[in-house]
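Right, one structure below, let's go through it.
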Amino acid sequence: MKLIYENDRWVANADNGQLHISGKEEAGYRPNQLFVSAIAGCFGEMFIHVCRKKQISYQGLTITPETTREGAANKISRIHLRMIFESLNTSDEQIEKVKKLAMKHCSMVQSVKGSIDMTISHERI
């Protein structure tokens, strides 16, 4: 990956395309959006991987991250991942086990462990 600054934003050139990054929302993704998306996406990928291994199925899954920020630097101190399942075919106890395994094996979650409080909830629709 290579980042180039142009037109009031950073352009990250990656193998699969460009990503525009800026503190101005109209010019690209904001850094905090990318950070939280990376954590939620990594956790989601691990969660799906574990579900497949355990043959847990569902029709749809949405993860909505919620952040808490604090201090003069406005740092992210807490990330809550709210999971919404459609047509989930297993118990809440089994989902709790899968969430723990996904947290343990997600490199992004492990990278912020001890510095950002991570919580997860789930519901069925």
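Compute the longest continuous run of the chain that contains no exposed trypsin sites (Lys or Arg not before Pro); treat a site as exposed when its DSSP state is not H, G, I, E or B and it has at most 15 other Cβ atoms within 10 Å.
55-112
Quantify, in whole percent, the carbon and sulfur part of the accessible surface of region 14-125 (1.4 Å probe; protein heavy atoms only).
Accessible surface attributable to carbon and sulfur in region 14-125 totals 48 percent.
Across the chain, how large is the tail of the calculated P(r) beyond 17 Å, expressed as a percent of all Cα pairs?
Summing the P(r) tail past 17 Å for the chain gives 63 percent.
Hey, which aspartates and glutamates would be in cross-link range of Lys2, C-alpha to C-alpha under 13 Å, not counting anything within fewer than 8 residues on its own chain?
By straight Cα distance, Lys2 reaches Asp15.
What base-10 log of the normalised intensity I(q)/I(0) is obtained for region 77-125 from the Debye formula, alpha carbons as equal point scatterers, at q = 0.32 Å⁻¹?
With one equal scatterer per Cα and no solvent, log10 I(q)/I(0) is -1.26.
Using the alpha-carbon atoms, what tilt in degrees (0 to 90, nearest 10) does helix 92-105 show relative to the longest principal axis of the chain?
40 degrees
For helix 31-53, report the angle its Cα long axis makes with the longest principal axis of the Cα atoms of the chain; keep it between 0 and 90° and round to the nearest 10°.
Tilt of helix 31-53: around 30 degrees.
Among Ala102, Ser121, Val36, whose Cα projects farthest towards the positive end of the dipole of the chain, with charges put on the beta-carbon of Lys, Arg (+1) and Asp, Glu (-1)?
Value computed over the given set: Ala102.
With the other protein chains left in place, how much accessible area per residue, in square angstrom, belongs to the chain at a 1.4 angstrom probe?
65 Å²
Give, in nm to one decimal, the length gained when the segment between Met118 and Arg78 is fully stretched (0.36 nm per residue of separation minus the Cα-Cα distance).
Value of the extension gain: 13.8 nm.
Rounded to the nearest 500 deg cm²/dmol, what is the calculated helix-only ellipticity per residue at 222 nm for the chain, with -39500 (n - 2.57) per DSSP H run of length n ≥ 4?
-11000 deg cm²/dmol
Taking every pair of distinct Cα atoms and averaging 1/r, then inverting, what Kirkwood hydrodynamic radius in Å comes out for region 38-86?
Averaging 1/r across every pair of different Cα atoms and inverting gives 12.4 Å.
Suppose the chain between Ser37 and Gln18 were pulled fully straight at 0.36 nm per residue; how much longer would it get relative to their current alpha carbon spacing?
5.2 nm
The values are calculated or read from the model by the stated rules, or taken from the named source; none is laboratory data. Remember, predicted model here, so these are calculated numbers, not experimental data. Note: ideal-geometry Cβ built from the backbone for every residue, glycine included; neighbour counts use all protein chains shown. The accessibility values were calculated without ligands, DNA or RNA, using every heavy atom of the protein model including side chains. Shrake-Rupley method; radii C 1.70, N 1.55, O 1.52, S 1.80 Å.
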